[in-house]
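The values are calculated or read from the model by the stated rules, or taken from the named source; none is laboratory data. Because the structure is a prediction, the values reported are computed rather than measured. Quick reminder, even Gly has a Cβ in these numbers, built from the backbone with ideal geometry, and neighbours come from all protein chains shown.
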Amino acid sequence: MNATSVAFAWQNALVMVAFFFVILVVPWLLVRDAARASHGAEASDPSRLFASDREKRLWAWTGAVVLAIYLTLSPAQRLAAALRERGMLGPTTWAVFGILAAVVVYRWAKTRPGTLEVGAGLGVAAVYVTTLIRLPVPEARSHLFEYGLVGMLVYQALLERKESGRRVPAPALFAIAATSTLGLIDENIQRFLPTRTYDDRDVAFNALAATMAVSAVALVRWARRRRSA
């Protein structure tokens with residue numbers, strides 16, 4: 001292996017490390033931030049672009065995750081191929097989901113959720129596990145992971161904006177549409193990459209990921225509000 005190949009391999013490795021850092025740290029920040037947020041946001045100054053500092057953070061995290069996904073489209077394909085050759089792609093995918101689930105559950109448990117909220121959370125977990133098992137290939141599961149996180153972030157940002165007094169019609173539908181559009185852009189970027197191709201099924205997986213994530217947040221949010229009522 002020549003010096004150029006070694007440098008290229010190291011570059012890809014660093015990009016993937018940055019991707020996993022972003023994709024695992026952001027959920028932890030999101031759950032922690034939600035736990036610290038007040039039940040009702042204060043009215044904001046209409047002249048400000050963002051309704052609150054929390055909304056600004058949520059959009060920043062959204063941008064970081066989307067950028068991480070786009071920048072790793074090419075290295076991720078090579079990593080997946082290498083893991084598949086060693087029979088490690090499936091176990092690695094499940095390990096990433098397991099770490100993410102542990103992070104979310106740990107932070108969520110510290111909020112002392114009520115019985116109804118726990119039931120909603122278990123229902124969401126059952127749907128996700130069933131979907132993961134039924135997805136045909138490990139790569140398809142990554143869409144559920146990546147664009148599910150994007151969908152959660154967009155939805156939370158829109159909810160924060162609405163609760164601060166800004167007009168946000170149908171935030172759940174808007175979040176699903178926006179995330180699905182970002183997933184469509186993802187696939188169109190792949191048209192110009194030598195190692196990737198556009199796939200309508202992946203567009204559908206991205207939209208499914210957004211729909212599941214937003215629905216999960218809405219359900220748990222409803223359960224939490226019922227407990228507080």
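Here are the numbers for the structure shown:
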{"item": "Per-region count, the stretch 98-145, residues more than 23 Å from residue 26 (Cβ to Cβ), surrounded by fewer than 14 Cβ atoms within 10 Å (Cβ to Cβ) and of a type in the set (A, V, I, L, M)", "result": "4"}
{"item": "Selection within the stretch 159-175 - more than 12 Å from residue 218 (Cα to Cα) and either touching a strand residue (DSSP E or B) at 6+ places or on another chain (Cβ under 7 Å) or assigned to a helix (DSSP H, G or I) (or both)", "result": "160, 161, 162, 163, 174"}
{"item": "The stretch 105-139, residues that are among the small types (Gly, Ala, Ser) and not in a helix (DSSP H, G or I)", "result": "114"}
{"item": "Matching residues, the stretch 168-184, being under 16 Å from the mean Cα position of the chain (by Cα) and aliphatic (A, V, I, L, M)", "result": "172, 175, 176, 177, 178, 182, 184"}
{"item": "Selected residue (criterion: modelled with the lowest pLDDT) from residues of the stretch 38-80 that are within 21 Å of residue 111 (Cα to Cα) and surrounded by 15 or more Cβ atoms within 10 Å (Cβ to Cβ)", "result": "41"}
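Residues checked against (1) touching a Cys at 6+ places or on another chain (Cβ under 9 Å); (2) modelled with pLDDT under 95; (3) exposed (fewer than 13 other Cβ atoms within 10 Å of the Cβ):
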{"site": "179", "(1), (2), (3)": "no, no, no"}
{"site": "194", "(1), (2), (3)": "no, yes, yes"}
{"site": "202", "(1), (2), (3)": "no, yes, no"}
{"site": "209", "(1), (2), (3)": "no, yes, no"}
{"site": "217", "(1), (2), (3)": "no, yes, no"}
